[in-house]
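**Q** There's a structure below that I have some questions on.
The values are calculated or read from the model by the stated rules, or taken from the named source; none is laboratory data. If you're wondering where the values come from, they're calculated on a predicted model, not measured in any experiment. Quick reminder, even Gly has a Cβ in these numbers, built from the backbone with ideal geometry, and neighbours come from all protein chains shown. For accessibility, only protein heavy atoms count, side chains too; no ligands or nucleic acids. Shrake-Rupley method; radii C 1.70, N 1.55, O 1.52, S 1.80 Å.
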Amino acid sequence: MNLYQRFLDAAAGHESGVAVRAPGRGAWTHAELHGAVGRCAAVLQAAGVEPGDRVTVQVEKSIENLLLYLAVLRVGAVYMPLNTAYTEAELEYFIGDAEPRLLVCDPRRQGELTALGERMGLATVLTLGADGTGTLADGMAQTDAQAGVCPREADDLAAIVYTSGTTGRSKGAMLSHGNLFANAATLRDIWGWRADDVLLHALPIYHVHGLFVALHCALLEPSPILLLPRFEVDTVLDALPGSTVLMGVPTFYVRLLADSRFDRARCAGMRLFISGSAPLLPETFDAFETRTGMRILERYGMTEAGMITSNPLVGERVAGTVGFPLPDVEVRLRGTEGEPVSAGGVGVLEIRGPNVFSGYWRQPERTAGEFRDGWFVTGDLAEQDAEGRISIVGRHKDLIISGGLNIYPREIEAELNALPGIDESAVIGVPHADFGEAVMAMVVAGEDWPGETAVIAALKQRLAGFKVPRKVVKVAALPRNAMGKVQKNLLRDEHLHTFAR
Ligand code: MLC
Ligand code: AMP
């Protein structure tokens, strides 16, 4: 039941077919990819990695990154990807929490992170560069050994992916081999994956969207992956004619539409554009259809469960809705006290299914707090129409989604409140043309506060750039309700047009 074995089985008989291509790195056949995975797995074992050990990975996207992920699965260890934008302070938290056996980082951060590792009692730090350099790559070049595939049960952990969640600090969602395989097989089927599909892959592979949703479909079919290092309009426009499927966050589609070269002719070979991770505006959906003659397929999911709902491959894709629950996922809507919601009403979406994670790493109480009678409480507010279509209409959780990346206001407020001169703060998301939402902060501060520019600079030292507020406004007081709770909705209304959409 090792998920990797499923990929290996899928590749059997296709050894000489292309598994993955990347600009400047040529094409790798399935035989080459899995041979390299076997060698990488041997290097991991030589570094002391055993089944169940966490392997923390913060490297640039590359074919090597892909094979490292597969090698971690192969040896039965637990893959723990981290956003490349995370600062040392952020890494310190993740490493302290997950206690990995091994950290793999970019060669450029070797000095800084080896020192961090030593301070934290982390056994080994290896490096891996996007150009195939680094100590891990050196190890692979020096070995012919192939580590075997470690047998795993469906419930055994395959990955821990940190997510901001609804309360407290970031927590590690524990995903099993069974969770990941169930979701991948369902998506391959409902999206009609084909052996002649070419996946245009421009998402980062440190989050579930790019790592699991996109890659697993292509690895299970199997079908070729064009692995781009990141989303860039020019590169994606060039790659579209040779591709058939693109998965992206709404910002991808907004940026493509802003370029007049993006047109019907360029999309002639494409069969599917999929959007998710953040709400796709109906105007983007409509503009896309007008320009290309195709309708974006919007789906909805989250780290803890992979994909949950999807618009249909065949049938009506409705703008502003996220479609139907996946065939093996049950959904229900509940009021905040757990009471059922009347037909057509809005409620918190709760879900159950083989894709749903088992809990947060070493956080049984927080896990218990996010399940109700065996159902996972997503924190998203939804409604369901008579046909069963789901629309996400809001969030019960205090969360900002910017360019498909989740930002947890309380984390930023804590950093702001720790700065000299700042008494208290409120962080909100406001509409933004490119990112969907952008981060903005209100601070209550004395005359001696260092000013907006210095505050932003100080936050950049501590937090990944995408979390840093684009604007910091000094206010006399924060609006509060009778319970003393900050009324963020009032702040959002007041600043709705700060970054006009
Ligand atoms: C980068 N920046 C962002 C940002 N991404 N700011 C806000 N929101 C973002 N998403 C900032 C950087 O800090 C930097 O700021 C500046 O923008 C330029 O950085 P960049 O790396 O060159 O940005 P760019 O390449 O334009 O990236 C934008 C993007 C990228 C939208 C292409 O963020 C992206 O690929 N997002 C996808 C995220 C994703 O995979 N989400 C799925 C999560 S899983 P400065 O100040 O340093 O210059 C999930 C479940 C599900 O949600 O349902 O899928
Ligand atoms: P993450 O925790 O990064 O996995 O993000 C999951 C959250 O992204 C969900 O709980 C939703 O709030 C949001 N999300 C994902 N897909 C969509 C979508 N299609 N529409 C609206 N929100 C979405």
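**Q** When you go through (1) open to solvent by less than 40 Å² (accessible area, probe 1.4 Å); (2) touching a residue at least 40 places away in the same chain (Cβ under 8 Å); (3) of a type in the set (A, V, I, L, M) one by one for Ile190, which number turns out not to apply?
**A** So Ile190 meets the others, but not (1).
**Q** Can you name the strands (runs of 3 or more DSSP E) wholly within segment 128-243 that have at least 3 residues being farther than 30 Å from Pro23 by Cα and not hydrophobic (A, V, I, L, M, F, W, C)?
**A** Fully inside segment 128-243 and qualifying: 171-176.
**Q** Which one of the conditions (1) within 16 Å of ligand 1 (Cβ to nearest atom); (2) over 22 Å from the mean Cα position of the chain (by Cα) does Pro151 fail to meet, given that it meets all the rest?
**A** The number of the failed condition is (1).
**Q** Can you name the residue in segment 308-320 that is under 23 Å from the mean Cα position of the chain (by Cα) and more than 9 Å from ligand 2 (Cβ to nearest atom) and, of all such residues, is surrounded by the most Cβ atoms within 10 Å (Cβ to Cβ)?
**A** Taking the candidates together, the pick is Ser310.
**Q** List pairs: first residue in segment 13-39 and assigned by TED's automatic domain parsing to the domain that holds Asp131, second residue among the acidic types (Asp, Glu) anywhere in the structure, Cβ distance under 8 angstrom, at least six positions apart or on different chains.
**A** Within 8 Å, the pairs are Ala19/Glu32; Thr29/Glu15; His30/Glu15; Ala31/Glu15; Arg39/Asp144.
**Q** State which residue pairs qualify: first residue of a type in the set (Ser, Thr, Tyr) and inside segment 103-125, second residue surrounded by fewer than 16 Cβ atoms within 10 Å (Cβ to Cβ) in any location, beta carbons under 7 Å apart, and separation of 6 or more residues or different chains.
**A** Listed pairs, sorted by first residue: Thr124/Gly48.
**Q** Could you identify the single residue in Glu32, Glu50, Glu92 that is of a type in the set (D, E, K, R), over 24 Å from the mean Cα position of the chain (by Cα) and surrounded by fewer than 18 Cβ atoms within 10 Å (Cβ to Cβ)?
**A** Glu50
**Q** Return the residue satisfying two criteria in turn: it lies in segment 214-239 and is under 20 Å from Leu280 (Cβ atoms) and surrounded by 24 or more Cβ atoms within 10 Å (Cβ to Cβ), and of such residues it is nearest to ligand 2 (Cβ to nearest atom).
**A** Ala214
**Q** Which residues, counting only those in segment 5-24, are closer than 18 Å to Leu227 by Cβ, open to solvent by 60 Å² or more (accessible area, probe 1.4 Å) and touching a Leu at 6+ places or on another chain (Cβ under 8 Å)?
**A** Selection gives Arg21, Pro23.
**Q** If you don't mind, another one. Being loosely packed, with under 14 Cβ neighbours inside 10 Å and under 28 Å from Thr87 (Cα atoms) narrows it down to one residue among Ala482, Ala457, Ala477; which is it?
**A** Ala457
**Q** So Met440 clears everything in (1) within 30 Å of Phe252 (Cβ to Cβ); (2) exposed (fewer than 14 other Cβ atoms within 10 Å of the Cβ) except one condition, right? Which one?
**A** (2)
**Q** Let me spell it out: the conditions are (1) open to solvent by 30 Å² or more (accessible area, probe 1.4 Å); (2) within 12 Å of ligand 2 (Cβ to nearest atom); (3) within 29 Å of Phe7 (Cα to Cα), and Leu281 meets all of them except one. Which number is the exception?
**A** (3)
**Q** Being crowded, with 20+ Cβ neighbours inside 10 Å and part of a strand (DSSP E or B) is the filter; apply it to segment 393-421 and report the residue that is farthest from the chain's Cα centre (by Cα).
**A** Ile400
**Q** Tally up the residues in segment 426-437 that are away from ligand 2 (no atom under 15 Å from the Cβ) and open to solvent by less than 10 Å² (accessible area, probe 1.4 Å), please.
**A** Going through segment 426-437 one residue at a time, the tally reaches 4.
**Q** Taking the options Arg362, Arg332, name whichever one is more than 16 Å from ligand 1 (Cβ to nearest atom), modelled with pLDDT of 95 or more and assigned to a loop (DSSP other than H, G, I, E, B).
**A** The conditions single out Arg362.
**Q** Within segment 287-306, track down each residue that is away from ligand 2 (no atom under 16 Å from the Cβ) and surrounded by fewer than 20 Cβ atoms within 10 Å (Cβ to Cβ).
**A** Matches in segment 287-306: Ala287, Glu289, Thr290, Arg291, Gly293, Met294.
One line per residue, one yes/no per condition, for (1) at pLDDT below 95; (2) of a type in the set (Asp, Glu):
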position: Ala85; (1), (2): no, no
position: Glu90; (1), (2): yes, yes
position: Leu102; (1), (2): no, no
position: Leu113; (1), (2): yes, no
position: Glu118; (1), (2): yes, yes
position: Asp131; (1), (2): yes, yes
position: Gly139; (1), (2): no, no
position: Gln142; (1), (2): no, no
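**Q** What are the residues in segment 372-390 that are aliphatic (A, V, I, L, M), part of a loop (DSSP other than H, G, I, E, B) and in contact with a Pro (Cβ under 9 Å, 6 or more places away or on another chain), if any?
**A** Passing the criteria: none in range.
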